[in-house]
1. Filter region 236-270 down to residues that are surrounded by fewer than 20 Cβ atoms within 10 Å (Cβ to Cβ), at pLDDT 90 or above and not in a helix (DSSP H, G or I), then give me how many there are.
2. Only one of Thr143, Thr150 is at pLDDT 90 or above, in contact with a Ser or Thr (Cβ under 6 Å, 6 or more places away or on another chain) and more than 16 Å from Asp80 (Cα to Cα); which?
3. So which of Ala93, Ala34 is of a type in the set (A, V, I, L, M), modelled with pLDDT under 80 and not assigned by TED's automatic domain parsing to the domain that holds Val199?
4. Filter region 177-195 for residues that are of a type outside the set (S, T, N, Q) and in contact with a helix residue (DSSP H, G or I) (Cβ under 7 Å, 6 or more places away or on another chain) and give the result.
5. If Thr79 passes every condition in (1) surrounded by fewer than 11 Cβ atoms within 10 Å (Cβ to Cβ); (2) in the same structural domain as Phe140 (by TED's automatic domain parsing) but one, which one does it miss?
6. When you look at Leu101, is it within 20 Å of Val169 (Cβ to Cβ) and of a type outside the set (Asp, Glu), yes or no?
7. Of the conditions (1) within 16 Å of Arg73 (Cα to Cα); (2) of a type in the set (Gly, Ala, Ser); (3) assigned to a loop (DSSP other than H, G, I, E, B), Ala135 clears all except one; give me its number.
Amino acid sequence: MPGKNKFGFGPLEVPPAARRERSVGPMGAAVREAAESLRETTDAKVEQRRRNAADAKAYREARQGGRILATLRVEEICTDDLPRDRLDLDGVAASDEMEELKASIRSRGQKEPIEVYTDDAGRYQLKKGWRRLTALRQLFLETGESRFMTVVARADAGQEGADRIAHYVDMVEENVIRQDLTFAEMAQVAIAAAADPAVEGTDPDAMVGRLYAALHKMKRSYIRSFVFLLTTLDGAAKWPKSISRNTGVDLARMLKAQPERAGTLRRMLESCATEEDQTAEIAAFLATGQKARRETAATQDARPPRRETREISVGALRVTARNGECRILGDCAFADIPRDRLERAIRLFEEALADTAGPRIKPLERP
């Protein structure tokens with residue numbers, strides 16, 4: 001048969017060896033489970049570290065952007081870095097509006113956070129929320145309750161020189177939107193920002209455009225009028241908040257037209273003992289200035305019109321022409337010319353003018 005060798009038998013067929021079934025023993029199972037657990041734990045730790053890094057980055061960005069709320073003690077917060085955007089702080093602290101705010105905080109707690117930033121010394125400086133902070137301080141002094149010892153604040157960690165002007169903008173933005181600031185107060189902020197050595201630029205007029213860029217240009221014009229007015233008065237107005245918009249604009253316009261009267265107005269305002277006295281003195285000053293302006297205008301209107309002169313030469317004659325006058329000068333002896341000849345020359349002159357000038361030239365009456 002095929003496949004047999006010469007000895008007459010074929011190759012031996014060896015049956016395949018039976019595969020030994022081996023099951024995992026207790027020790028192997030334990031090692032395998034430990035390896036899988038270690039791998040899962042390692043993966044989880046890597047993922048947790050990645051999440052922690054992302055959260056830390058998001059927190060730093062949020063903190064730099066002033067989006068983190070913190071509970072601070074009221075005595076930790078200073079208010080001496082930025083000049084406040086309200087001129088009469090004592091009056092605001094004792095006002096009926098402050099009492100209403102305190103009643104709201106007493107019954108419902110602080111609902112809106114204040115805003116602070118850290119200065120170069122690491123202290124918290126107030127940016128927004130002077131009324132809320134003042135209300136909490138007053139409530140703690142009045143009641144002694146510990147809940148009024150802390151304030152919820154949004155902390156901004158950045159306080160570089162380039163961001164200094166942004167703190168001024170943030171300070172006034174809330175009150176400007178609520179239309180709670182007078183034009184005198186807004187002008188005072190611009191003056192203070194221009195005098196701040198940490199802010200680039202020393203022109204209060206230009207500072208108005210940087211601080212109040214979101215306002216309508218007409219409102220910025222009013223603020224600039226008050227900037228000029230307060231700068232000119234140099235503190236003589238003891239109650240600048242009481243100066244209305246129209247009065248302030250009129251005063252600024254008058255002082256620009258009559259700068260020599262600024263000293264008079266300063267002396268008038270320095271002598272005022274009450275807000276009513278100041279209002280009366282300003283009204284009297286405006287009335288006097290308007291009267292002087294009307295008299296000046298009337299005097300200018302009463303002046304005779306300026307006589308326009310024109311000079312021409314015709315041959316040897318020199319002619320000077322004015323309104324209502326024509327003068328002819330020359331070496332000729334006009335008195336020796338016969339009357340009829342001189343009259344004929346003048347008549348021809350008159351007729352020539354009548355042809356070009358129209359009815360303005362009245363013809364001479366013929367004898």
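1. Number satisfying all stated conditions: 4.
2. Exactly one of Thr143, Thr150 is at pLDDT 90 or above, in contact with a Ser or Thr (Cβ under 6 Å, 6 or more places away or on another chain) and more than 16 Å from Asp80 (Cα to Cα), namely Thr150.
3. Just one listed residue meets the conditions, Ala34.
4. Of everything in region 177-195, those that are of a type outside the set (S, T, N, Q) and in contact with a helix residue (DSSP H, G or I) (Cβ under 7 Å, 6 or more places away or on another chain) turn out to be Leu181, Phe183, Ala184, Glu185, Met186, Ala187, Val189, Ala190, Ile191, Ala193, Ala194.
5. Of (1) surrounded by fewer than 11 Cβ atoms within 10 Å (Cβ to Cβ); (2) in the same structural domain as Phe140 (by TED's automatic domain parsing), only one is false for Thr79: (1).
6. no
7. (3)
Listed here are the residues, each with its yes/no results for (1) among the small types (Gly, Ala, Ser); (2) in contact with a strand residue (DSSP E or B) (Cβ under 8 Å, 6 or more places away or on another chain); (3) surrounded by 12 or more Cβ atoms within 10 Å (Cβ to Cβ).
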site	(1), (2), (3)
Ala54	yes, no, no
Ala58	yes, no, no
Gln64	no, yes, yes
Arg67	no, yes, yes
Leu72	no, yes, yes
Glu75	no, no, no
Leu89	no, no, yes
Val92	no, no, yes
Lys102	no, no, yes
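The values are calculated or read from the model by the stated rules, or taken from the named source; none is laboratory data. Because the structure is a prediction, the values reported are computed rather than measured. Counting neighbours? That spans all protein chains shown, and the Cβs are built from the backbone with ideal geometry, glycine included.
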